[in-house]
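S.K.: Structure in structure tokens, see below.
The values are calculated or read from the model by the stated rules, or taken from the named source; none is laboratory data. Fair warning: this is a prediction, and the values are worked out from it, not measured in the lab. When we count neighbours, we look across all protein chains shown, and the Cβ atoms used for this are built from the backbone with ideal geometry, even at glycine.
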2 protein chains.
Amino acid sequence: MPDSASNSLALHTDLYQLTMLQAYEREGMHAPAVFSLFCRRLRDRNYLLACGLDTVLSYLEELHFSESDRAYLRSLDDFDDDFVDGLADFRFTGDVYAMPEGTPVFPDEPILEVVAPIGEAQLVETFLLNQISYQTAYASKAARVKHAATHDGTERLVADFGMRRMHGTDAPLKAARSGYIAGIDATSNVAAGKAYGLPVTGTMAHSYIEAHATEMDAFTAFADCYPDTVLLVDTYDTLDGVHRVVEMAEARGKDFQVRGIRLDSGDLGALAHKARSILDDAGLHDVDILVSGGLEEHAIADLVDQGAPIDGFGVGTKLGTIADQPYLDTAYKLSAYDGTPRMKLAPNKKNLVGRKQVVRTFDDQGTATGDVIAPADDLPDTGTPLLERVMHNGTRTDDAPSLDALRSRTQDALAALPPRLHALEETPAYPVTISGALQARTDATAERLRTEMAT
Amino acid sequence: MPDSASNSLALHTDLYQLTMLQAYEREGMHAPAVFSLFCRRLRDRNYLLACGLDTVLSYLEELHFSESDRAYLRSLDDFDDDFVDGLADFRFTGDVYAMPEGTPVFPDEPILEVVAPIGEAQLVETFLLNQISYQTAYASKAARVKHAATHDGTERLVADFGMRRMHGTDAPLKAARSGYIAGIDATSNVAAGKAYGLPVTGTMAHSYIEAHATEMDAFTAFADCYPDTVLLVDTYDTLDGVHRVVEMAEARGKDFQVRGIRLDSGDLGALAHKARSILDDAGLHDVDILVSGGLEEHAIADLVDQGAPIDGFGVGTKLGTIADQPYLDTAYKLSAYDGTPRMKLAPNKKNLVGRKQVVRTFDDQGTATGDVIAPADDLPDTGTPLLERVMHNGTRTDDAPSLDALRSRTQDALAALPPRLHALEETPAYPVTISGALQARTDATAERLRTEMAT
């Protein structure tokens, strides 16, 4: 079956990356280039969470053209045989500087920079944008969802149920991982559990209830199989379903271990209140109420603000497809070649030049007060640099951190943001300034290009 | 690297599918179930194009649990060893009835129905929804984009440039294929070209221009390498870039073979007019103008309506992420088990029961006049049935049709729709009715369930 399970990822790129690579080789252009990957602007977000770096570093380490990749390229008109033969030895040999996954990031700040022979740095653009854009967009929304679920200070579980409506098979894997870093507690995605060791979770489907002669038959059979399960109560009538759980508890006595019920339709807040009353009246205080169905951060925050007695949220489609902002305005721009700053002059598409660093400052309470984007070789006197060299000569400089370490570090970084940035609405922007030195180099580059163009 | 290239797709499912499978096995519930996959409603679409069936059939034929899948499941608390051992022999043994890919489909109409032992039919829900939902959503938008580009009756090429901002590595493959079926002409995605034999295309990036000392140096070098290339003219100043192409043409004389220019920023309509004048004044009537940058169907239709002299469109992010509607309200619902109709009674989530067929009628000119959803064993006297049996006992009944055959058939099916459905705005809905027999069976099922619930 032709899908992502092809034997290499080298062809997961745009054709022009390969035609440019061949052109650079013919021209003998092998000098180092600097490319910066950044987001131009935020829409309905007050921050982004950088994510996807681990995928990118694995890709860069393993990048090669398989025999069948080369056979395919030979079949096209664009490439000569010498070039394709040479791809057998192609490896990524460059350096990567990046923010750790889970770092809050703002417009124009490089999430990562690649320094490599220009053909190599160019070839990887498509994959890097593909993975960093999606994982960053997803993690950023996931952090909002988790915050909404807990913004009153009460911990509530959030589970990713979105696989069925995400785009293809790769997205749900990357979403489960980046969501976990951002604070999501578990995923229904078994492949992601296997791939990353994530907690997996799930309840039961309406079809299971419907396949049995009665709802009670279904509840009984499932609890026989999984004593501490969560029972789905809304297949026919939600409150009837809750009463049936109470009946089961009375019948089973001390053997009743059902952990929770799930509501998946109707007015979730009102039903959660009524369900809680029914359960509490029966002494079933330990039976949790989980809800799902069309949820995203605003609906979740409303339920929490209503005081709905909800212990956990299953969040699917609208998180999974990042439905309100399914893409970021990310770019991967050449900012230097062969030691000289480079930029585009097209309207609204200018970029900052050269190798850069982002420096974050904090107040005495540890709250971030602002960022400065500066030339990597000319940093401000104070502040914490955010980009680290994570790859040198094509090899990772460190082992990948554990997901739990990334998740924990991310929670700390989120807690250090100015509180207003956690609002679901847009708030006054976090202050990001461009250092005088960087602005001067960028302006000088634009001026040089305009002068050259005029002559 | 853990990504879609894992060794089987069996775990690309929600955990509850596996816990339900184990429960069904323990309960000895192996009777055949009927599940229907359909879309509940359209949002900003007048039709959908069914897509993704080939992916689904390949998955069903190859579905198995690898040794490492089983080792992972053993590591979880949910499954006993006998069950996991038995998964070594698991195969999909059911039947599938489906609309051919590229068939226009409307709300409540089954895109496909699965008839299989209930555990098997349940297990595959997540993958089937994941692939059919995305590919159908993408194909549906792609058809709008292609229609917008050609709605004045002039053929214009549309290329898929969206890989870099799609969600993960699998989506761009499936998008390229389903887009081609829907009418997109080519893709920049090399992996998709290799996987499906699709036409691949591309031009050059701004970075290539910027890496050279001057724009003219870059144009010259690239055209030396690819004489019939498309040159990107907006890196510094669009019209200056066009003049440079004219200079090159004058210098090269008969050796000038550049096929086109690409505009990627600014007011594309106005710039296309000016560029066309400059090219025509130089006698370069055969140099095409291609445009890209933030395009989707409305912007494309506006450019065409303005009479902008544009020969082709590169369409990226907003098509690639289906940005206006990144998910469909698809569902996969149990409609019969062990010969008895089944349904959910939850508000707004009722389903039609039993095995169904969709019958489409046409007028004398071959234009579709309406659809009837009917029981598969009780069809109306007239009309063309749309669902075909495509899998029997776990094996495809026919070889997969060629992509070109699907694309051609899709163009015919689109041409047979009432013309109003091609409007980009919502129009009066295409008439879909539920046959009296099907409504009666569905009502009787709801009545039976309500009666049983009340007792």
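S.K.: Kindly provide the set of residues from the range B:387-403 that are within 25 Å of B:A139 (Cβ to Cβ) and either in contact with a Phe, Trp or Tyr (Cβ under 9 Å, 6 or more places away or on another chain) or assigned by TED's automatic domain parsing to the domain that holds B:G193 (or both), ordered by number.
M.R.: Result: B:L387, B:E388, B:R389, B:V390, B:M391, B:L403.
S.K.: Let me ask something additional. For the range B:323-342, what are the residues that are among the hydrophobic types (A, V, I, L, M, F, W, C) and more than 7 Å from chain A (Cβ to nearest Cβ)?
M.R.: Taking the range B:323-342 and keeping what is among the hydrophobic types (A, V, I, L, M, F, W, C), we get B:323, B:328, B:331, B:334, B:336.
Residues satisfying the conditions are B:L328, B:A331, B:A336.
S.K.: Go through the range B:248-258 and report how many residues are closer than 15 Å to B:F222 by Cα and of a type in the set (D, E, K, R).
M.R.: 2
S.K.: In the list B:K141, B:K146, which residue meets the criterion of being at negative phi and without any contact (Cβ under 8 Å) to a residue 40 or more places away in the chain?
M.R.: Every option except B:K146 fails the conditions.
S.K.: Moving on to the next point. In the list A:L18, A:L57, which residue meets the criterion of being buried (at least 18 other Cβ atoms within 10 Å of the Cβ) and over 21 Å from the mean Cα position of the chain (by Cα)?
M.R.: Values: A:L57 fails: over 21 Å from the mean Cα position of the chain (by Cα).
Answer to the check: A:L18.
S.K.: Can we say B:G102 is closer than 30 Å to A:S58 by Cα, more than 8 Å from every other protein chain (Cβ to nearest Cβ) and buried (at least 24 other Cβ atoms within 10 Å of the Cβ)?
M.R.: Details: closer than 30 Å to A:S58 by Cα: no; more than 8 Å from every other protein chain (Cβ to nearest Cβ): yes; buried (at least 24 other Cβ atoms within 10 Å of the Cβ): yes.
It is false that B:G102 is closer than 30 Å to A:S58 by Cα, more than 8 Å from every other protein chain (Cβ to nearest Cβ) and buried (at least 24 other Cβ atoms within 10 Å of the Cβ).
S.K.: Taking the options A:L290, A:L263, A:L268, A:L295, name whichever one is farther than 30 Å from A:N46 by Cα and either in the same structural domain as A:Y236 (by TED's automatic domain parsing) or buried (at least 18 other Cβ atoms within 10 Å of the Cβ) (or both).
M.R.: Within the list A:L290, A:L263, A:L268, A:L295, the selection yields A:L263.
S.K.: Residue by residue through the range B:357-369, note down the ones that are touching a residue at least 24 places away in the same chain (Cβ under 8 Å), under 11 Å from B:P418 (Cβ atoms) and surrounded by fewer than 16 Cβ atoms within 10 Å (Cβ to Cβ).
M.R.: Residues satisfying the conditions are B:F362, B:T367, B:T369.
S.K.: Shifting gears a bit: How about the range A:418-436: which of its residues are among the aliphatic types (A, V, I, L, M), crowded, with 16+ Cβ neighbours inside 10 Å and under 30 Å from A:D302 (Cβ atoms)?
M.R.: Listed by number, the residues that qualify are A:L421, A:L424.
S.K.: If you don't mind, there's one more thing I want to ask. Can you pull out every residue in the range B:236-289 that is of a type in the set (A, V, I, L, M, F, W, C) and closer than 20 Å to B:C225 by Cα?
M.R.: Those that are of a type in the set (A, V, I, L, M, F, W, C) and closer than 20 Å to B:C225 by Cα: B:V242, B:V245, B:V246, B:M248, B:A249, B:A251, B:F256, B:V258, B:I261, B:V287.
S.K.: If you don't mind, there's one more thing I want to ask. Quick check on A:E125: is it touching a Cys at 6+ places or on another chain (Cβ under 8 Å) and in the same structural domain as A:V358 (by TED's automatic domain parsing)?
M.R.: For A:E125, the condition - touching a Cys at 6+ places or on another chain (Cβ under 8 Å) and in the same structural domain as A:V358 (by TED's automatic domain parsing) - is not met.
S.K.: I need a count of the residues in the range B:337-373 that are over 19 Å from B:T451 (Cβ atoms) and outside any loop (DSSP other than H, G, I, E, B).
M.R.: The qualifying residues number 13.
S.K.: Oh, and also: Of the residues A:L271, A:L263, A:L319, which single one is hydrophobic (A, V, I, L, M, F, W, C) and over 29 Å from the mean Cα position of the chain (by Cα)?
M.R.: None of the others qualify; the one that does is A:L271.
S.K.: Same structure again: Out of the range A:119-174, which residues are under 10 Å from the mean Cα position of the chain (by Cα) and more than 7 Å from chain B (Cβ to nearest Cβ)?
M.R.: A:Q131, A:I132, A:Q135, A:T136, A:A137, A:Y138, A:A139, A:S140, A:K141, A:A142, A:A143
S.K.: Are there any pairs with C-beta distances below 7 angstrom linking a residue in the range A:407-436 that is over 18 Å from A:M99 (Cα atoms) to a residue that is among the polar types (S, T, N, Q), with the two at least 6 apart or on different chains, and if so which?
M.R.: If the second residue must be among the polar types (S, T, N, Q), the pairs left are A:P418/A:T367; A:R420/A:T427; A:L421/A:N46; A:L421/A:T427; A:A423/A:N46; A:E426/A:N46; A:T427/A:N46.
Rundown of residues vs (1) under 30 Å from A:Q411 (Cβ atoms); (2) in contact with a Ser or Thr (Cβ under 6 Å, 6 or more places away or on another chain); (3) facing chain B (nearest Cβ under 10 Å); (4) surrounded by fewer than 20 Cβ atoms within 10 Å (Cβ to Cβ), yes/no style:
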{"site": "A:R177", "(1), (2), (3), (4)": "yes, no, yes, no"}
{"site": "A:Y180", "(1), (2), (3), (4)": "yes, no, no, no"}
{"site": "A:L198", "(1), (2), (3), (4)": "yes, yes, no, no"}
{"site": "A:H243", "(1), (2), (3), (4)": "no, no, no, yes"}
{"site": "A:K254", "(1), (2), (3), (4)": "no, no, no, yes"}
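Quick grid of which residues meet (1) touching a helix residue (DSSP H, G or I) at 6+ places or on another chain (Cβ under 7 Å); (2) modelled with pLDDT of 95 or more; (3) within 30 Å of B:Y337 (Cα to Cα):
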{"position": "B:E125", "(1), (2), (3)": "yes, yes, yes"}
{"position": "B:Y138", "(1), (2), (3)": "yes, yes, no"}
{"position": "B:A142", "(1), (2), (3)": "yes, yes, no"}
{"position": "B:A159", "(1), (2), (3)": "no, yes, no"}
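S.K.: Filter the range B:62-100 down to the residues that are acidic (D, E) and either outside the structural domain of B:L414 (by TED's automatic domain parsing) or in contact with a strand residue (DSSP E or B) (Cβ under 8 Å, 6 or more places away or on another chain) (or both) and list them by number.
M.R.: B:D95
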